[in-house]
Amino acid sequence: MSSPAQFFQKILARMTKVVTSKYFLVFVFAAVWMVFFDRYNLISQYRMSEQIRELQKDEQHYLEAIEKVDYQTDQIFSNMDELERYAREKYYMKRPGEDVFIIVEKE
């Protein structure tokens, strides 16, 4: 039987052989390059994924706003009373002979 010291020496010799192998060194170099120095390194990937999340939130917000506006448009153009109310509120339109008073509250 071999002693524990000889066992560890054999393991160390094999590890030294593997670590000094040209394939291992090229792999380590390529991995380090891709993780830290490449155009699409880990930091860039993280920033891009955060940006994608923000854009998806914005997309959801705008889709909801479009849906709300579409509903309001359908309501306005399906009912003449709604159309008149909208014109009076937003564009201050009036019938002939009417007076419109606009009250502005101070903040």
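The values are calculated or read from the model by the stated rules, or taken from the named source; none is laboratory data. Computed from a predicted model, the values in this text were never measured in an experiment. Quick note on the areas: whole protein, heavy atoms, side chains included, nothing else; ligands and nucleic acids left out. Shrake-Rupley method; radii C 1.70, N 1.55, O 1.52, S 1.80 Å.
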Go through the range 77-107 and give me each residue that's open to solvent by 90 Å² or more (accessible area, probe 1.4 Å), more than 40 Å from the chain's Cα centre (by Cα) and of a type in the set (Asp, Glu).
-> Asp81, Asp99
Quick one: is Val32 open to solvent by 70 Å² or more (accessible area, probe 1.4 Å) and β-branched (Val, Ile, Thr)?
-> no
